[in-house]
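Let me begin by presenting the structure, written as structure tokens, before commenting on it.
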Amino acid sequence: MYIELNLPSTPPMLAALPAVLVSYCLAVGRAMVGAVADYLGPLNTYALVFALSGVIQLSLWLTAKSYAQVVAFAVLYGLVAPGFLGLLPQIVVQLFGPTNLASNVGLLILFNGPGNMAGAPIGGAIFDASGRKTFKWMIVLNGTFQLAGALIAVWGESLGHL
């Protein structure tokens, strides 16, 4: 829908390419994020992933005016954004130890539920409020939430060192 609205002359086959690239880069990105976590630590990488996700949305997606820019956003966002999920077991072990690992990771994923359930309706409401003409405010909100998540992660990590 984004391509149809912003780049209407794009052929249908090419309109699907950014979604395919995000999906492919997701697989590669999780491995890359894991490697970074081995070097920087899982909590530091978790905050970094959130911050980069927000920056990529606000700097690349929000300003995208051409198909090439949308593809660049899709690749970079796919490499970075989904990586936080693979870090959860490492973070749980670091904070709580390996005992009850599955239950603790399950609880963290459960607490993602409200945001996951509310995100799509809120995004749809914002898109509808724009007259279904722009994704600008939805992108701004998503990028801002990602940056806020990074700040909360850094704040939470700093509390652990007190």
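Can you say whether Val49 is open to solvent by less than 40 Å² (accessible area, probe 1.4 Å), in contact with a Gly (Cβ under 6 Å, 6 or more places away or on another chain) and closer than 22 Å to Val154 by Cα, as far as the supplied structure shows?
On the way: open to solvent by less than 40 Å² (accessible area, probe 1.4 Å): yes; in contact with a Gly (Cβ under 6 Å, 6 or more places away or on another chain): yes; closer than 22 Å to Val154 by Cα: yes.
It is true that Val49 is open to solvent by less than 40 Å² (accessible area, probe 1.4 Å), in contact with a Gly (Cβ under 6 Å, 6 or more places away or on another chain) and closer than 22 Å to Val154 by Cα.
Yes or no, residue by residue, for (1) over 23 Å from Pro18 (Cα atoms); (2) modelled with pLDDT of 95 or more; (3) surrounded by 12 or more Cβ atoms within 10 Å (Cβ to Cβ); (4) not β-branched (Val, Ile, Thr):
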{"position": "Ile56", "(1), (2), (3), (4)": "no, yes, yes, no"}
{"position": "Ile91", "(1), (2), (3), (4)": "yes, no, yes, no"}
{"position": "Asn100", "(1), (2), (3), (4)": "yes, no, yes, yes"}
{"position": "Gly124", "(1), (2), (3), (4)": "no, no, yes, yes"}
{"position": "Lys133", "(1), (2), (3), (4)": "no, no, no, yes"}
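Taking the criterion of being over 22 Å from Ala148 (Cβ atoms), open to solvent by 60 Å² or more (accessible area, probe 1.4 Å), in contact (Cβ under 8 Å) with a residue 40 or more places away in the chain and of a type outside the set (D, E, K, R), would at least one residue in region 67-79 satisfy it?
Start the filter on region 67-79 by keeping residues that are over 22 Å from Ala148 (Cβ atoms), which leaves 67-72, 74-75.
Add one more test, that the residue is open to solvent by 60 Å² or more (accessible area, probe 1.4 Å), and what stays is 68-69.
After this cut, where a residue has to be in contact (Cβ under 8 Å) with a residue 40 or more places away in the chain as well, the list is none.
No, region 67-79 contains no residue that is over 22 Å from Ala148 (Cβ atoms), open to solvent by 60 Å² or more (accessible area, probe 1.4 Å), in contact (Cβ under 8 Å) with a residue 40 or more places away in the chain and of a type outside the set (D, E, K, R).
What number of residues within region 14-43 are more than 19 Å from the chain's Cα centre (by Cα) and under 27 Å from Trp137 (Cα atoms)? The number of residues fulfilling the criteria is 3.
Residue check: is Ala35 open to solvent by 50 Å² or more (accessible area, probe 1.4 Å) and not in a loop (DSSP other than H, G, I, E, B)?
Working: open to solvent by 50 Å² or more (accessible area, probe 1.4 Å): yes; not in a loop (DSSP other than H, G, I, E, B): yes.
Against the criterion (open to solvent by 50 Å² or more (accessible area, probe 1.4 Å) and not in a loop (DSSP other than H, G, I, E, B)), Ala35 qualifies.
The values are calculated or read from the model by the stated rules, or taken from the named source; none is laboratory data. Being a predicted model, the structure only gives us computed values, none of them experimental. Because the Cβ atoms are built from the backbone with ideal geometry, glycine has one as well, and the counts that use them run over all protein chains shown. All accessible areas refer to the heavy atoms of the entire protein, side chains included, with ligands and DNA or RNA removed. Shrake-Rupley method; radii C 1.70, N 1.55, O 1.52, S 1.80 Å.
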